[in-house]
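The values are calculated or read from the model by the stated rules, or taken from the named source; none is laboratory data. Just so we're clear, the structure is a prediction, and the values are computed from it rather than from any experiment. Don't worry about glycine lacking a Cβ; one is built from the backbone with ideal geometry, like all the others, and counts go over all protein chains shown.
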Amino acid sequence: MSRAALLVLADGRFPAGGHAHSGGAEAAVKAGRITGAASLEDFCRGRLHTTGLVSASLAAAAALGAEPAELDAAADTRTPSPALRATARRLGRQLMRAARATWPSVELDALAREFTKGAHQPVVLGVVARAAGLEPEDAAYCAVYESVSGPATATVRLLGLDPFDATGVLARLAPELDRVAQTAVEAAWRVCAEGVDALPAASAPLLEISAEWHASWSVRLFAS
C-alpha cells in the first residue's frame, strides 16, 4: 500500500469535484435540521451509517476487483432519487478525469470507455484505489470519510459554523468511521463469493426526498 497515494486520494484538494456538493447539508440547513455542531453531528452520523456504509461497500468491492457494471447497477437500485443518481455519476466522471491524469491505468481507461456517461462515484473510487496501489480498506475509509467531511465543510459555509466545531464533529465520529469501514470491507469480501446482493442496502429516505427538493431550487450554493 502507498500511504502517500492514500493521502493524495483522500485530500480535499484532489480535483474530484466534491467541494461543489454538500451531501444533503444545504437542504438540511434550509429545513432547520442542521442548526449547529450538535445537529450537524446527528446528520453526519445518520449519513455515515446509511449512504456512507453503502458507498464504502461499493468502493471496497470495486477495489477487490468485482465487476464494475454489476456494482454500478447495484448502486442504482440503492439510490432511488434521480437527482442523487445523477450526482453520483457526475462525481464519478470528475473523479475519473482526475484519477486518469494522476494514476494512468488500463483498468481506468476501460472503465471510462464502458461508462461514457459516468459510473457511480463509489465504484470509480474503488477502481481508482486499485490503480493507485491501495487496498479495499483504503477505498472504504475514503468513502466513509467523504460521507461526513463534505457535509461538515459545507455547513461551515452555509451557517458560518466555527471550523473548529466542524472538525470536532469529525473527530468525535472517528471511532464510528472505523467500524463502518470495517463492516463495508467485510461486505465487499462477501460480494466476491455471493454476488452484489451481499452489499448493504441501508436507506436514508429523508436524504432522497431532500435531494429532489434541493434539485428544484432555482438558486443554491451547492450542486447537491
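Can you spot a residue in region 203-217 that is outside any helix (DSSP H, G or I) and modelled with pLDDT under 95?
Taking region 203-217 as the starting set, the residues that turn out to be outside any helix (DSSP H, G or I) are 203-204, 216-217.
Right, trim to modelled with pLDDT under 95 and you get 203-204.
Yes; the residues of region 203-217 include at least one that is outside any helix (DSSP H, G or I) and modelled with pLDDT under 95.
Residues in region 172-182: is at least one of a type outside the set (V, I, T) and more than 20 Å from A152 (Cβ to Cβ)? Yes: region 172-182 contains one or more residues that are of a type outside the set (V, I, T) and more than 20 Å from A152 (Cβ to Cβ). The number of residues in region 120-141 being under 13 Å from the mean Cα position of the chain (by Cα) and assigned to a loop (DSSP other than H, G, I, E, B) comes to 1.
Looking only at region 15-53, how many residues end up being among the hydrophobic types (A, V, I, L, M, F, W, C), part of a loop (DSSP other than H, G, I, E, B) and more than 26 Å from D76 (Cβ to Cβ)?
Going through region 15-53, the residues among the hydrophobic types (A, V, I, L, M, F, W, C) turn out to be 16, 20, 25, 27-29, 31, 34, 37-38, 40, 43-44, 48, 53.
Among the residues that remain, those that are also part of a loop (DSSP other than H, G, I, E, B) are: 16, 31, 34.
With the extra rule that they be more than 26 Å from D76 (Cβ to Cβ), the set shrinks to 31, 34.
Total satisfying the criteria: 2.
Output yes when any residue across region 184-192 is closer than 23 Å to E107 by Cβ and either free of Cβ contacts under 8 Å to residues at least 60 places away in the same chain or outside any helix (DSSP H, G or I) (or both), and no when none is. Outline the logic, then answer.
Here is the first cut: in region 184-192, the ones closer than 23 Å to E107 by Cβ are 184-185, 187-192.
Checking the rest, the ones that are also either free of Cβ contacts under 8 Å to residues at least 60 places away in the same chain or outside any helix (DSSP H, G or I) (or both) come to 190.
For region 184-192, residues closer than 23 Å to E107 by Cβ and either free of Cβ contacts under 8 Å to residues at least 60 places away in the same chain or outside any helix (DSSP H, G or I) (or both): present.
Exactly one residue out of G23, G65 is more than 22 Å from R220 (Cβ to Cβ), touching a Lys or Arg at 6+ places or on another chain (Cβ under 9 Å) and of a type in the set (G, A, S): that is G65. Only one entry in A16, A28 is of a type in the set (A, V, I, L, M), over 18 Å from P200 (Cβ atoms), surrounded by 22 or more Cβ atoms within 10 Å (Cβ to Cβ) and modelled with pLDDT under 95, namely A16.
Provide a single number: the residues in region 54-74 that are touching a residue at least 40 places away in the same chain (Cβ under 8 Å) and either surrounded by fewer than 24 Cβ atoms within 10 Å (Cβ to Cβ) or in a loop (DSSP other than H, G, I, E, B) (or both).
Of all residues in region 54-74, those touching a residue at least 40 places away in the same chain (Cβ under 8 Å) come to 54-66, 68-74.
From the residues that got through so far, the ones that are either surrounded by fewer than 24 Cβ atoms within 10 Å (Cβ to Cβ) or in a loop (DSSP other than H, G, I, E, B) (or both) too are 64-66, 68-70, 73.
Going through region 54-74 one residue at a time, the tally reaches 7.
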